[in-house]
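Novice: I'd like to ask you about the structure that follows.
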């Protein structure tokens, strides 16, 4: 699984293999997991999968919260109807 790195103050993104192949390049390299390697086009699939899973989980949570709110409104309407009868 490739990890992608970016050289500080640069737009150069390199995966581990390209970074090793090009030899030591001075400067500070920071991991940028959602970027694409500038040389070979490699991406960090694990980071992309984790992001997709997170988005799916947030969608599910939002749906559940909306469903709960809808159920709560129906329950409150039912209670008020029962009390007024």
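Residues checked against (1) without any contact (Cβ under 8 Å) to a residue 60 or more places away in the chain; (2) part of a helix (DSSP H, G or I); (3) within 20 Å of the chain's Cα centre (by Cα):
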site	(1), (2), (3)
24	yes, no, no
39	yes, no, no
54	yes, yes, yes
61	yes, yes, yes
71	yes, yes, no
76	yes, yes, no
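Novice: Could you tell me which of the residues 34, 19 is within 25 Å of the chain's Cα centre (by Cα), in a loop (DSSP other than H, G, I, E, B) and surrounded by 10 or more Cβ atoms within 10 Å (Cβ to Cβ)? Give the steps one after another, and end with the answer.
Specialist: On the way: 19 fails: in a loop (DSSP other than H, G, I, E, B).
So the residue among 34, 19 that is within 25 Å of the chain's Cα centre (by Cα), in a loop (DSSP other than H, G, I, E, B) and surrounded by 10 or more Cβ atoms within 10 Å (Cβ to Cβ) is 34.
Read-outs: derived from the displayed coordinates by stated rules, not from any lab. Everything numeric in this text was worked out from a predicted model, so none of it was measured. Reconstructed Cβ throughout: ideal geometry from the backbone, glycine too, with neighbour counts over all protein chains shown.
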